[in-house]
1. Can you compute the modelled spin-label distance between Glu492 and Glu138, with each label point 7 Å from Cα toward Cβ, in nm?
2. With charges only on Cβ, +1 for K and R and -1 for D and E, what is the dipole size of region 466-514 about its Cα centre, in debye, rounded to 20?
3. Using modelled amide H (1.01 Å from N, peptide plane; none on Pro or chain starts), what sits under 5 Å from the amide H of Asp134, excluding residues fewer than 5 places away?
4. Report the Cα centroid-to-centroid distance between region 288-307 and region 488-514 in angstrom, as an integer.
5. What trypsin sites (Lys or Arg not before Pro) does region 232-341 have in DSSP loop regions with at most 13 other beta carbons within 10 Å?
6. What is the Cα coordinate range of region 228-304 on the first, second and third principal axes, sorted by size from largest, in whole angstrom?
7. Hey, what do the phi angles of region 301-307 turn into as Karplus ³J(HN,Hα) couplings, whole Hz, using 6.51/-1.76/1.60 and θ = phi - 60°, x for Gly and Pro?
8. Any chance you could list P(r) for region 45-197, counting all Cα-Cα pairs in 10 angstrom bins from zero, rounded to whole %?
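The values are calculated or read from the model by the stated rules, or taken from the named source; none is laboratory data. Just so we're clear, the structure is a prediction, and the values are computed from it rather than from any experiment. So basically every Cβ, Gly included, is an ideal-geometry build from the backbone, and we count neighbours across all protein chains shown. Quick note on the areas: whole protein, heavy atoms, side chains included, nothing else; ligands and nucleic acids left out. Shrake-Rupley method; radii C 1.70, N 1.55, O 1.52, S 1.80 Å.
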Amino acid sequence: MLEREQVIVLDFGGQYNQLIARRVRECHVYAEVLPYTTPLEEIRARQPKGIIFTGGPNSVYLEESPRCDAAIFEMGIPILGICYGSQLMAYLLKGRVETAPVSEYGKTEVTVDRSSVLFGDVEEQTICWMSHTDYIAEAPEGFRVTACTPVCPVAAMEDASRGLYAVQFHPEVLHTVEGTKMLYNFVRKVCGARGDWKMDSFVEQTIGRLREQIGDGRVLCALSGGVDSSVAAVLLSKAVGKQLTCVFVDHGLLRKNEGDEVEAVFGPEGPYELNFIRVNAQQRFYDKLKGVEEPERKRKIIGEEFIRVFEEEARKIGAVDFLAQGTIYPDVIESGLGKSATIKSHHNVGGLPDHVDFKEIVEPLRMLFKDEVRKAGLELGIPEYLVYRQPFPGPGLGIRIIGEVTADKVRIVQDADAIYREEIAKAGCDKDLGQYFTALTNMRSVGVMGDERTYDYTVALRAVHTSDFMTADAAQIPWEVLGRVTTRIVNEVRGVNRVMYDLTSKPPGTIEFE
């Protein structure tokens with residue numbers, strides 16, 4: 001692990017665990033999410049500047065609720081408890097936590113004590129995001145209350161002499177207007193972190209670490225053409241040069257014409273001096289996915305087949321020691337961390353088969369969030385049009401097709417998605433969107449076309465605003481643009497007679513459909 005300051009985010013099952021880490025990194029302090037079961041010896045060995053307890057869905061006073069060792073408060077490390085984490089701090093230190101007479105959900109006006117270092121530059125009346133049915137009825141001995149609402153007497157508390165702070169609300173979400181200030185105050189002022197987490201140093205140190213890890217070994221890189229695998233490939237190329245071979249698997253689940261576009265950029269005629277191999281394996285993947293409808297099974301099948309293709313290519317090349325992937329931090333966390341829920345298995349994390357025929361997996365971006373990957377790409381000199389291209393999941397259209405995947409369904413999604421992207425770009429909406437795409441639902445319905453009855457598929461359009469891909473809001477695409485897209489898809493894409501627009505945010509939904 002790189003030598004650097006760090007803050008540990010101790011996860012108690014909260015939905016915003018990785019968002020907390022992301023916000024800390026925005027303060028230029030490295031943060032990593034660990035399960036609440038992490039032994040205190042391991043935490044101590046990491047020498048963190050601070051610890052943050054996440055929220056969670058449980059009630060701390062129930063026997064089965066997640067808890068850490070109360071000795072953590074005696075380690076001399078500053079701790080910030082958030083929501084469930086604040087209640088846990090109160091409970092373990094002999095305060096009183098009860099079911100609240102009035103639950104609080106959503107944007108709430110909170111009155112803060114500006115003499116607290118946590119709130120020194122925060123407005124006395126500030127809007128925060130609340131989400132709780134329990135509350136701290138009485139703060140532990142030695143704590144003072146530093147924030148409240150009309151129905152929540154302890155919206156924040158602290159024992160500054162011991163470096164212990166707690167907030168009932170969620171400072172990490174954007175709905176808490178001054179939440180970033182509060183987290184900055186904790187990690188930079190309370191914890192005393194210098195703020196040395198920068199992309200230029202990450203790139204330099206990672207190239208050095210890769211050289212040390214790989215030595216004179218040979219590396220096979222899984223290159224999809226997306227930003228994650230592209231940045232990983234260029235990092236590896238700078239580290240080990242011709243020891244790297246990039247294999248691009250066209251699994252037949254790419255966007256329209258994307259296979260040729262990827263080859264044009266990274267192939268022999270492209271700007272990068274990479275050993276590049278394209279494998280056309282469309283039918284092989286369709287055969288494996290035949291009859292499979294459950295999304296987790298699809299992801300795992302696609303992940304395993306990827307690995308098998310790479311193993312075969314490695315045998316053709318000769319002795320290959322390492323498999324490189326563009327895994328990023330949200331992939332790792334969403335695929336399950338400790339006792340946290342698995343949101344979805346990513347094909348390059350939770351979807352890996354038990355047996356992999358390589359000496360070691362190399363994942364240079366494993367601890368980065370998406371926007372950090374983009375910054376690293378720019379630092380490496382990768383053109384902006386590649387760095388900021390639309391995100392595309394490793395399992396591809398396999399998870400944008402609800403139910404069984406077939407070649408005909410892939411054709412429908414490719415054609416509909418191409419129309420959608422074309423019209424979005426024509427309208428100039430693409431610059432403001434974090435991600436947008438078309439998915440094929442499993443719903444068929446009756447329609448009328450040319451005075452004939454049809455019974456065809458419904459496609460769903462998705463577009464979101466997001467900066468970190470951990471939370472997202474549905475974008476308000478102009479009605480006339482959606483109208484043009486709908487008319488073109490119904491008229492031009494065989495097999496579709498209905499178009500819908502998805503307005504779900506993340507959470508409760510995910511950005512992708514499966």
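1. If labels sit at Glu492 and Glu138, their model points lie 7.0 nm apart.
2. Working: 5 positive and 7 negative charges, 61 e Å.
Around 300 debye, computed over region 466-514.
3. For Asp134, whose amide H was placed from the backbone, the distant partners under 5 Å are Ala100.
4. 22
5. On the way: sites: Lys238, Lys242, Arg255, Lys256, Arg278, Arg284, Lys288, Lys290, Arg297, Lys298, Arg299, Lys300, Arg308, Arg315, Lys316, Lys339; in loops: Arg255, Lys256, Lys290, Lys339.
Passing sites in region 232-341 are Lys290, Lys339.
6. 42, 24, 17
7. The phi angles translate into 4, 5, x, 5, 5, 3, 4 Hz.
8. 12, 45, 35, 8, 0
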